[in-house]
Amino acid sequence: MSEGRGSAIAVTLVCLVLVSQWVASDGATYTVGGAGGWTFNLSNWPNGKSFKAGDVLVFNYDPTTHNVVAVDRGGYGSCTTPASAKVYKTGMDRISLAKGPNYFICNFAGHCQSGMKIAVNAS
């Protein structure tokens with residue numbers, strides 16, 4: 001009978017370890033711009049936040065007037081969209097952060113140049 005009990009304890013321990021790792025890897029969720037959503041003049045929004053790889057940014061906006069484009073550093077600085085860039089346009093986009101710098105712009109005419117862009121660094 002003790003062999004069965006030992007196996008049950010071992011299985012329980014393995015399950016607990018797996019569950020704890022799954023919960024620990026679950027990232028935080030941040031709504032970009034807070035209640036105001038994805039809009040102009042948000043470049044300071046990431047300040048004071050500690051982002052980690054796997055955290056999720058939620059971009060809420062009107063898809064008839066905005067979008068979200070994941071760009072590289074050059075696209076962010078010049079407000080241009082590389083051909084390989086991922087364009088999001090649902091108005092309720094959820095984007096997981098990669099480790100390191102993550103750059104997002106709105107590529108509707110003049111929007112990025114008017115401050116509709118953010119840079120987020122995830123550890």
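The values are calculated or read from the model by the stated rules, or taken from the named source; none is laboratory data. Quantities reported herein were computed from a predicted structural model and do not represent experimental measurements. Virtual Cβ from ideal backbone geometry, glycine too; neighbours counted across all protein chains shown.
Residues considered: K117, K89. Of these, the only one that is of a type in the set (D, E, K, R), within 14 Å of F40 (Cα to Cα) and at pLDDT 95 or above is K117.
Okay, residues lined up against (1) in a loop (DSSP other than H, G, I, E, B); (2) farther than 18 Å from G115 by Cβ; (3) of a type in the set (S, T, Y):
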| position | (1), (2), (3) |
| --- | --- |
| N41 | yes, no, no |
| G54 | yes, yes, no |
| L57 | no, no, no |
| G77 | no, no, no |
| T80 | yes, no, yes |
| I95 | no, yes, no |
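Condition test on S50, is it modelled with pLDDT under 95 and among the polar types (S, T, N, Q)? In short, no.
One residue alone among P63, P46 is part of a loop (DSSP other than H, G, I, E, B), surrounded by 12 or more Cβ atoms within 10 Å (Cβ to Cβ) and free of Cβ contacts under 8 Å to residues at least 60 places away in the same chain, and that residue is P63.
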